[in-house]
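A short write-up of the structure that comes next.
Readers should treat all values here as calculations from the given coordinates under stated rules, not as data from a laboratory. Keep in mind that what you see is a predicted model, and the values were worked out from it rather than measured. Neighbour counts run over all protein chains shown; Cβ positions are idealised from the backbone, glycine included.
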Amino acid sequence: MFVDFAASVAKDSDAEHLNEDSYLFSINGKVASLSDGASESFDSKSWAAILCGMSCAGLGVSPASIYQAVEAYANIYDPSKLSWSKALAFERGSFATLLSCEYNNERSEVEVVAIGDSVVVVCEGGEVSKCFPLTIPEQFEDRPELLSTRNDYNDFINDPLFNTKHVMVSVVSSNTTILLMTDAIGHWCYKAISEGREEWRLLLSIDSEFEFAEFVEESRENKTMKLDDTTLIRLRF
């Protein structure tokens, strides 16, 4: 598995440092991770980065690994040294999506763990074969299930149906391309596919950060893409 392209554009092009999307790739080339921090929560940028680090460290997504991630986040701040408003926001918790894509070269397959409305589109020979975990554009309007810095909000990980809802395994080959996207560009892509518009194929070929930024800004201006931090990762095999 190799990263063919990866880029992110902040919701405010003049404040890239405030981009709350995070992505990371493991040193051994077997894991790609993407997380979208929820804007309404306290320092979700750091939480998203921790989740990506956990994924790329090979810890998987389990009650134990998420508890460890929560502890790592808690160690960043001392609430007693925060302003009262920030302390309250910290106590309410931070939230983020997570996509973790792990490649097994012996079985020629990937296992994707998906929590929230960051999405994966699997293409074979340039044609869409799978969309996960959402399947239609209308689902982006639903409130997503997110990972929290508060363990009491992460009980869904213990659900016996967790793997059914949040895990996908897909066989891959040299003809496979996998797109990992946060919700703004994911929604744009799903709509284009569902409406039979070929423009979604741009995501299979775009190869420069400048070109990607131009495409995102133009899509925002013509109101076809939501104004939000926007990240695309393209994987090939």
Residues satisfying the stated conditions in segment 142-185, i.e. closer than 19 Å to Asp4 by Cα and assigned to a helix (DSSP H, G or I):
Ile185
Among Ala192, Ala184, Ala213, which is without any contact (Cβ under 8 Å) to a residue 12 or more places away in the chain and aliphatic (A, V, I, L, M)?
Ala192
Specify the residue that is farthest from Ser148 (Cα to Cα); the eligible residues are those in segment 59-68 that are surrounded by 13 or more Cβ atoms within 10 Å (Cβ to Cβ) and free of Cβ contacts under 8 Å to residues at least 40 places away in the same chain.
Leu59
What tally of residues in segment 79-103 results from selecting those that are in contact (Cβ under 8 Å) with a residue 12 or more places away in the chain and either of a type outside the set (D, E, K, R) or assigned to a strand (DSSP E or B) (or both)?
14
Return the residues of segment 46-78 that are farther than 19 Å from Val167 by Cβ and not in a helix (DSSP H, G or I); say none if nothing qualifies.
Asn75, Ile76, Tyr77, Asp78
Keeping to segment 130-141, report how many residues are touching a residue at least 12 places away in the same chain (Cβ under 8 Å) and either surrounded by fewer than 15 Cβ atoms within 10 Å (Cβ to Cβ) or assigned to a strand (DSSP E or B) (or both).
4
Out of the residues in segment 177-218 that are touching a Phe, Trp or Tyr at 6+ places or on another chain (Cβ under 8 Å) and surrounded by fewer than 20 Cβ atoms within 10 Å (Cβ to Cβ), state the one that is farthest from Ser129 (Cα to Cα).
Asp207
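Out of the residues in segment 38-53 that are hydrophobic (A, V, I, L, M, F, W, C) and in contact with a helix residue (DSSP H, G or I) (Cβ under 9 Å, 6 or more places away or on another chain), which is farthest from Ile76 (Cα to Cα)? Write out each step before concluding.
Within segment 38-53, the subset hydrophobic (A, V, I, L, M, F, W, C) is 38, 42, 47-52.
Imposing the further condition that a residue be in contact with a helix residue (DSSP H, G or I) (Cβ under 9 Å, 6 or more places away or on another chain) reduces the set to 38, 42, 47, 50-51.
Numbers: Ala38: 18, Phe42: 12, Trp47: 10, Ile50: 11, Leu51: 14 Å.
Among them, the one singled out is Ala38.
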